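Colleague: Pasting a structure here, questions to come.
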Amino acid sequence: MLPSEPVVAIVGATGAVGEEMLSILAQRRFPMQSVKLLASKRSAGSVVDFRGRRLLVEELTEDSFDGVHLALFSAGKTVSKQYCPIAVQAGALVVDNSSCFRMDPAVPLVVPEVNGHVLDRITKPCIIANPNCSTIIALVAVTPLHRAVGVERMVVSTYQAASGAGAAAMKELETQAREFVAGFPYTTKIFGRQYLFNVFSHNSAVGEDGYNEEEKKLLNETRKMWEDNAVRITATCVRVPTLRAHCESINLTFRGSLKEADARDILAMAPGVKIVDDRTANKFPEPIDAAGGDDVLIGRIRADLSQAPGKGIDLFVAGDQLRKGAAQNAIQIAERFVRVKAAV
Ligand SMILES: NC(=O)c1ccc[n+]([C@@H]2O[C@H](COP(=O)([O-])OP(=O)(O)OC[C@H]3O[C@@H](n4cnc5c(N)ncnc54)[C@H](OP(=O)(O)O)[C@@H]3O)[C@@H](O)[C@H]2O)c1
């Protein structure tokens, strides 16, 4: 459906995810005729280096998608709501990073390692949604075990980095570090509180049931991608003062039975993961090791002693949510369409 060298547009090109998209397109040598960088009026006219060329950032307008084959959106829900349909109407395949369309039954929600087969059904320009970053990182790790014996219950606790809240949040954490050294009061524009040397509940809205939106995304998006409404999931999402890459503690209860050694073998063979599980050296997944990488790191693999033998496993994972949790996943989705065309 995409030409072998599509015209690509990045909406939100100056943001944390947009910048990562651009660098991943270059790193993976994504075949393309040209790339168009779109942002708000604020950044229009700024210049970005790409593959040795200087590209001008343009203001997003309704005419931005003329001649565009592939539009990668990462400019927030409001922008996606207005412009994704316009891009599709103009003939572009859209991969959207916002939460706008994720739970729309007509919109595929895809992680290639989890439910990439869903992409085979797409034959014309449409919107494809990228899941929430915490969901992607958890499911790359857990889906191989789910396929093997079925997950009955999943309990997730997240340790989420500043980058998950965008470029401005990363800057504010760095600013607070400088302010600490200088003895100045903290700038608290993004989260309204001290972030450095602190840990706090995720900054998304808390609903009447006490769950915040990030936790609900993990629950609902997992069920949609696994096509399994019976799976029981609970989550607690928390911000920690790391700059980049999220960690998650994951406790699983299985429908079937799975020994720790078998879980370890399954995970070692799984796509998109790397086992970091050295008990002797006490070396397990850390955000600084996941940052800038493509894989979800998995460690602390152990049988849950609170459950009957074979019924439960604990994991600790780390993944760069700007890459696999957002930009990389979107580009992996797009690659499927370039390859399909190239193979014909
Ligand atoms: N950060 C993550 O880890 C992550 C992971 C998964 C999904 N996402 C989703 O990806 C999206 C972007 O996140 P981010 O972290 O990259 O945010 P960000 O760093 O704040 O970047 C936002 C981008 O959107 C652009 N933008 C804002 N308003 C716009 C408008 N009215 N018209 C056109 N462009 C506009 C900004 O352009 P200006 O420079 O002109 O302001 C900037 O390029 C969000 O929907 C977020 O939920 C983020």
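Colleague: Yes or no: Phe30 within 15 Å of the ligand (Cβ to nearest atom) and either assigned to a loop (DSSP other than H, G, I, E, B) or touching a helix residue (DSSP H, G or I) at 6+ places or on another chain (Cβ under 9 Å) (or both)? Even if it seems obvious, please write down each step before you answer.
Modeller: Working: within 15 Å of the ligand (Cβ to nearest atom): no; either assigned to a loop (DSSP other than H, G, I, E, B) or touching a helix residue (DSSP H, G or I) at 6+ places or on another chain (Cβ under 9 Å) (or both): yes.
When the stated conditions are applied, Phe30 does not pass them.
Colleague: Same structure, new question: Can you pull out every residue in the range 33-64 that is in a loop (DSSP other than H, G, I, E, B), surrounded by 12 or more Cβ atoms within 10 Å (Cβ to Cβ) and away from the ligand (no atom under 13 Å from the Cβ)?
Modeller: Selection gives Gln33 alone.
Colleague: Scan the range 281-318 for residues that are within 30 Å of Met170 (Cα to Cα) and in contact with a Leu (Cβ under 7 Å, 6 or more places away or on another chain) and jot them down.
Modeller: Scanning the range 281-318 gives Pro285, Asp289, Ala290, Ile298, Arg300, Val317, Ala318.
Colleague: Which residues, counting only those in the range 65-82, are assigned to a helix (DSSP H, G or I) and more than 9 Å from the ligand (Cβ to nearest atom)? Give the derivation first.
Modeller: Here is the first cut: in the range 65-82, the ones assigned to a helix (DSSP H, G or I) are 77-82.
Residue satisfying the conditions is Lys81 alone.
Colleague: Looking only at the range 202-212, decide whether some residue is within 21 Å of Asp295 (Cα to Cα) and either over 22 Å from the mean Cα position of the chain (by Cα) or not aliphatic (A, V, I, L, M) (or both). So that I can check it myself, show each step before the final result.
Modeller: Start the filter on the range 202-212 by keeping residues that are within 21 Å of Asp295 (Cα to Cα), which leaves none.
No, the range 202-212 contains no residue that is within 21 Å of Asp295 (Cα to Cα) and either over 22 Å from the mean Cα position of the chain (by Cα) or not aliphatic (A, V, I, L, M) (or both).
Colleague: Go through the range 146-171 and report how many residues are surrounded by fewer than 22 Cβ atoms within 10 Å (Cβ to Cβ), touching a residue at least 12 places away in the same chain (Cβ under 8 Å) and in a helix (DSSP H, G or I).
Modeller: Number satisfying all stated conditions: 8.
Colleague: Under 6 Å between Cβ atoms, which residue pairs at least 6 apart in sequence (or on different chains) link something in the range 26-39 that is within 15 Å of Glu335 (Cβ to Cβ) and modelled with pLDDT of 95 or more with a partner that is within 16 Å of the ligand (Cβ to nearest atom) and of a type in the set (Phe, Trp, Tyr)?
Modeller: none
Colleague: Across the range 83-98, which residue is nearest to the ligand (Cβ to nearest atom) among those that are over 23 Å from Gly164 (Cβ atoms) and in contact (Cβ under 8 Å) with a residue 60 or more places away in the chain? Lay out the reasoning, then the answer.
Modeller: Keep residues of the range 83-98 that are over 23 Å from Gly164 (Cβ atoms), which gives 85-93.
From the residues that got through so far, the ones that are in contact (Cβ under 8 Å) with a residue 60 or more places away in the chain too are 87, 92-93.
Numbers: Ala87: 12, Ala92: 16, Leu93: 18 Å.
Filtering the range 83-98 for residues that are over 23 Å from Gly164 (Cβ atoms) and in contact (Cβ under 8 Å) with a residue 60 or more places away in the chain, the one nearest to the ligand (Cβ to nearest atom) comes out as Ala87.
Colleague: Here is a follow-up. Restricting the first residue to the range 195-210 and requiring it to be in the same structural domain as Met170 (by TED's automatic domain parsing), which pairs with a second residue that is modelled with pLDDT of 95 or more and loosely packed, with under 12 Cβ neighbours inside 10 Å meet a Cβ separation below 7 Å and a spacing of at least six or different chains?
Modeller: Qualifying pairs under 7 Å: Phe200/Arg193.
The values are calculated or read from the model by the stated rules, or taken from the named source; none is laboratory data. The structure displayed is predicted, hence computed values, not measured ones. Ideal geometry is used to build each Cβ from the backbone, glycine not excepted, and the neighbour counts take in all protein chains shown.
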